[in-house]
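Written out below as structure tokens is the structure these notes cover.
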Amino acid sequence: MGKIKEYSNGEVTVVWEAEKCIHSAMCVKGLPNVFQPNERPWIKVDAASTDELINTIKKCPSGALSYYMTNSADKTAEILETKVEVLENGPLLVYGTLKVTHKDGTEETKNRTTAFCRCGASQNKPYCDGAHVKEDFRG
């Protein structure tokens, strides 16, 4: 199991799973005052509102960032509309709970946001690993 860090502002707890991160920088672009990769700790949860944190985390293409409401009775993090978004020059993002059947027949359940490779260069197919950046993929 890789490194997992949690950061809380009292209302929401941001969870970061380092091994899942594909360095898309959606978090940094969305909330640069919160997500500062050159700082330690790199997530400053008090620099934005709970709603701003949640909205940015939902855009994480790899699922490396997730959250849960500190009040366990609040199930907001479990509700996510199913939708598909094509990122310019990047992966296909699918939001929601998915059952992925791999070519060998194994199945896997993915929650929240899943990034599928569009460029063909990923070493983690069918998922994006950020290879589109090195390949200068356009699409």
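Looking at Lys5, Lys44, Lys99, Lys103, can you tell me which residue is of a type outside the set (Gly, Ala, Ser) and within 24 Å of Ala131 (Cβ to Cβ)?
Checking each option against the conditions leaves just Lys103.
Is there a residue in the stretch 125-132 that is surrounded by fewer than 18 Cβ atoms within 10 Å (Cβ to Cβ) and within 20 Å of Glu11 (Cα to Cα)?
No: the stretch 125-132 contains no residue that is surrounded by fewer than 18 Cβ atoms within 10 Å (Cβ to Cβ) and within 20 Å of Glu11 (Cα to Cα).
Only one of these is out of contact with any strand residue (DSSP E or B) (no Cβ under 6 Å at 6 or more places or on another chain), touching a residue at least 12 places away in the same chain (Cβ under 8 Å), assigned by TED's automatic domain parsing to the domain that holds Trp16 and on the phi < 0 side of the Ramachandran plot: Lys29, Lys59. Name it.
Lys59
Check off (1) part of a strand (DSSP E or B); (2) in contact with a Ser or Thr (Cβ under 7 Å, 6 or more places away or on another chain); (3) modelled with pLDDT under 90; (4) among the β-branched types (Val, Ile, Thr) for Val15 and give me the number that stays unchecked.
(3)
Report, ordered by the first and then the second residue, all pairs with beta carbons closer than 6 Å, sequence separation of six or more or different chains, a first member in the stretch 84-107 that is outside the structural domain of Ile57 (by TED's automatic domain parsing), and a second member that is of a type in the set (Gly, Ala, Ser).
Pro91/Ala115; Leu93/Ala115
For the subset of the stretch 108-124 comprising residues that are of a type outside the set (D, E, K, R) and within 17 Å of Lys59 (Cβ to Cβ), which member is surrounded by the fewest Cβ atoms within 10 Å (Cβ to Cβ)?
Looking at the filtered set, the residue picked out is Asn111.
Scan the stretch 18-27 for residues that are in a helix (DSSP H, G or I) and surrounded by fewer than 16 Cβ atoms within 10 Å (Cβ to Cβ) and report the count.
Of the residues in that region, 2 qualify.
Being crowded, with 18+ Cβ neighbours inside 10 Å and in contact with a helix residue (DSSP H, G or I) (Cβ under 8 Å, 6 or more places away or on another chain) is the filter here, so list the residues in the stretch 28-53 that pass it.
Answer for the stretch 28-53, where residues must be crowded, with 18+ Cβ neighbours inside 10 Å and in contact with a helix residue (DSSP H, G or I) (Cβ under 8 Å, 6 or more places away or on another chain): Gly30, Leu31, Val34, Phe35, Val45, Ala48, Leu53.
Name every residue in the stretch 94-107 that is surrounded by fewer than 17 Cβ atoms within 10 Å (Cβ to Cβ) and of a type in the set (Val, Ile, Thr), in order of residue number.
Matches in the stretch 94-107: Thr97, Val100, Thr101, Thr106.
Search the stretch 36-61 for residues being assigned to a helix (DSSP H, G or I) and of a type in the set (Asp, Glu), and hand back the single one that is farthest from Glu11 (Cα to Cα).
Here the residue is Glu52.
Name the residue that is nearest to Ala18 (Cα to Cα), counting only residues in the stretch 123-139 that are assigned to a loop (DSSP other than H, G, I, E, B) and more than 17 Å from the chain's Cα centre (by Cα).
Gln123
The values are calculated or read from the model by the stated rules, or taken from the named source; none is laboratory data. All values reported here derive from a predicted model rather than from experimental measurement. For neighbour counting, all protein chains shown are included, and Cβ atoms are generated from backbone atoms with ideal geometry for every residue, glycine included.
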